[in-house]
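Heads up: the structure comes next, in structure tokens.
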Amino acid sequence: FASTGVKGDDLPKDYYIKELLFENSVNTAPLDAIEVFKGKMDFKKPLMNFEIYTELNQIISQSEREKACNDLLSDGLEQFCIAFEDILKAL
């Protein structure tokens, strides 16, 4: 997962760490969130694929999901390339 820091004071500092704590996952978080979280190892059970699709189908169509995934992938790759170029220029 990307950085899972909480913005603002509406949620506990370790909210996203706890909610995204899955076995064999990597999660980066700000130090203050890690300090609050320390020792609360309660792994979440991932949803099965059929459970995910059942829930998603009630909210959004498959074609809308595919478009959203493609848009997110394209944007993420573009942002990565920009950041990577900036790092290379700094070296």
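Some notes on this structure:
- 5 Å-binned pair-distance histogram of the chain (Cα, whole percent): 2, 11, 13, 14, 16, 20, 15, 6, 2, 0
- For the chain, the list of GluC sites (Glu not before Pro) that fall in a loop by DSSP and count at most 13 other C-beta atoms within 10 angstrom reads GLU23.
- Per-residue ellipticity at 222 nm, computed for the chain from helices alone with -39500 (n - 2.57) per DSSP H run of at least four residues, works out to -18000 deg cm²/dmol.
- Placed amide H near PHE22: partners under 5 Å, 5+ positions off or other chain: LYS44
- Vicinal HN-Hα couplings computed from phi for the stretch 22-30 (Karplus, 6.51 cos²θ - 1.76 cosθ + 1.60; Hz; Gly/Pro x): 10, 4, 6, 10, 10, 9, 9, 8, x
- Taking 1.567 mPa s as the viscosity and 4 °C as the temperature, the Stokes-Einstein diffusion coefficient of the stretch 1-46 based on its alpha-carbon Kirkwood radius rounds to 121 µm²/s.
- Sparse-neighbourhood loop sites, chymotrypsin sites (Phe, Trp or Tyr not before Pro) in the stretch 36-91 - DSSP loop, at most 13 other Cβ within 10 angstrom: PHE43
- Between LYS45, LYS67, LYS18, the Gaussian network model of the chain with springs among Cα atoms under 10 angstrom shows the greatest mean-square fluctuation at LYS67.
- Extension gain (nm, one decimal) between LEU77 and LYS18, 0.36 nm per residue minus Cα-Cα: 18.5 nm
Taken together, the values in this text are just the output of simple stated rules run on the coordinates, not laboratory data. Model, not experiment: these values are computed from the prediction. Counting neighbours? That spans all protein chains shown, and the Cβs are built from the backbone with ideal geometry, glycine included.
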